[in-house]
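See structure below.
The values are calculated or read from the model by the stated rules, or taken from the named source; none is laboratory data. Keep in mind that what you see is a predicted model, and the values were worked out from it rather than measured. So basically every Cβ, Gly included, is an ideal-geometry build from the backbone, and we count neighbours across all protein chains shown.
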Protein chains: 2
Amino acid sequence: MPRIQFWFEFASTYSYLSAMRIEELAVQHGVSVDWQPFLLGPIFAAQGWDNSPFNLYPAKGRYMWRDMERLSAQRGLPFKRPDPFPQNGLKAARMVLAIQDPVRKAAFVRAVYSAEFGNGLNISDDAVLGDCLSSVGLPVEALARTQDPAIKAALIEQTSTAQSKDLFGAPSFVVGDALYWGDDRLDDAIMMASTI
Amino acid sequence: MPRIQFWFEFASTYSYLSAMRIEELAVQHGVSVDWQPFLLGPIFAAQGWDNSPFNLYPAKGRYMWRDMERLSAQRGLPFKRPDPFPQNGLKAARMVLAIQDPVRKAAFVRAVYSAEFGNGLNISDDAVLGDCLSSVGLPVEALARTQDPAIKAALIEQTSTAQSKDLFGAPSFVVGDALYWGDDRLDDAIMMASTI
């Protein structure tokens, strides 16, 4: 089955849009999705940014929030701006790596994004992440895995892999050697994956 | 007739994509296009950039060139990277403001973008701009207008207006009070204009 790698960062607003639609789109085209969490912080830091570009560049930020409102409305998705922004997605990203079952993994990612950008909740809060786990049929106790040294190392490795693939933002999609950036390129990426 | 403002910068790669399709799309939806040249240099300088973000952030730049190759191929547009990049579009932008006839104005913009990104030519070269003028039925001598103090002032005013509208990149589209950024939003912007 053809595959697409979906590289997402939980702090990323446009990753929310892709997370909520990639699986349905992939299934329609006979493509399988590899869910790849990573952290943009180290990548941004390497290019001199100590914050989200949407905070560093205010006009770009004001536009992004308006754009997200419009796109969410078009797609029938709830949208609520979380405070603070960007959210700290470290524990959520580690949790994704600890979930083996691919169906539950994908459902957990969607649950976290829905909590964060659909309901404006703080996804670094254990209670919020616990609710996300429960909602996909996993025990709240699984959160302890986010302190597992092997899982911590796995997320660092994910971010290194993202850098080696020349990723600079999220969402990003990798099909073979081809990189696609942004929710606006998801359809092209899926089409490419389906024709390989 | 409903209107859309098309704000473009001649150095901008993605503005090429929009320039080559906006008029046909607008006509299909009964929308009239206002061609608005401006300079991104002062806007970028105000946020601390002394060069194109595609040069300042190399991974983003490498991706942009690949993305432009793919999108141009999809649309049957020739694409050749100009050297140097970004090109200096100052004279070309002034020339646009000096052309009154809206049909020739639009045709001149397309001729400049085609020279720059279709053929990789240097658009700060008077010979190149002269060929663009000739190709749309205007005399080469019209280039002298780019030294007219009133035209110079008009371009500075355009850039101030762009800043007052919170523009931060190109292409940008303005419909009433709504701002849309990027060739990926052109279709949404035209739809919005056609329903006002």
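Okay, here's what the table says:
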| read-out | value |
| --- | --- |
| Boolean, A:A153 is assigned to a helix (DSSP H, G or I), at pLDDT 95 or above, away from every other protein chain (no Cβ under 14 Å) and surrounded by fewer than 16 Cβ atoms within 10 Å (Cβ to Cβ) | yes |
| Residues satisfying the stated conditions in region B:18-51, i.e. without any contact (Cβ under 8 Å) to a residue 40 or more places away in the chain, away from chain A (no Cβ under 14 Å) and within 18 Å of B:A162 (Cα to Cα) | B:D34, B:G41 |
| Enumeration of residues in region A:82-118 that are in a loop (DSSP other than H, G, I, E, B) and surrounded by 13 or more Cβ atoms within 10 Å (Cβ to Cβ) | A:P82, A:F85, A:P86, A:Q87, A:N88, A:G89, A:I99 |
| Members of region A:156-171 found to be more than 9 Å from every other protein chain (Cβ to nearest Cβ) and surrounded by 22 or more Cβ atoms within 10 Å (Cβ to Cβ), listed by number | A:A162, A:A170, A:P171 |
| Conditions (1) at positive phi; (2) within 14 Å of another protein chain (Cβ to nearest Cβ); (3) surrounded by fewer than 19 Cβ atoms within 10 Å (Cβ to Cβ); number of the one not met by B:G137 | (2) |
| Among the candidates A:R94, A:R104, A:R75, A:R110, residue that is within 14 Å of another protein chain (Cβ to nearest Cβ) and within 24 Å of A:V33 (Cα to Cα) | A:R75 |
| Residue match in region B:1-11 (condition: more than 25 Å from A:L167 (Cα to Cα) and modelled with pLDDT under 95) | yes |
| Tabulated pairs, region B:83-94, first over 17 Å from B:F44 (Cα atoms), second of a type in the set (S, T, Y) and surrounded by fewer than 19 Cβ atoms within 10 Å (Cβ to Cβ), C-beta under 8 angstrom, 6+ apart or interchain | B:K91/B:S124; B:A92/B:S124 |
| In region B:172-181, the residues that are surrounded by fewer than 21 Cβ atoms within 10 Å (Cβ to Cβ) and at the interface with another protein chain (Cβ under 9 Å from one of its Cβ atoms) | B:A178 |
| Entirely in region B:1-47, the helices (runs of 4 or more DSSP H) that have 2 or more residues that are over 13 Å from the mean Cα position of the chain (by Cα) and either over 25 Å from A:K60 (Cβ atoms) or hydrophobic (A, V, I, L, M, F, W, C) (or both) | B:22-28, B:41-46 |
| Residues within region A:88-121 that are under 16 Å from A:S12 (Cβ atoms) and either of a type in the set (S, T, N, Q) or at pLDDT below 95 (or both), tallied | 2 |
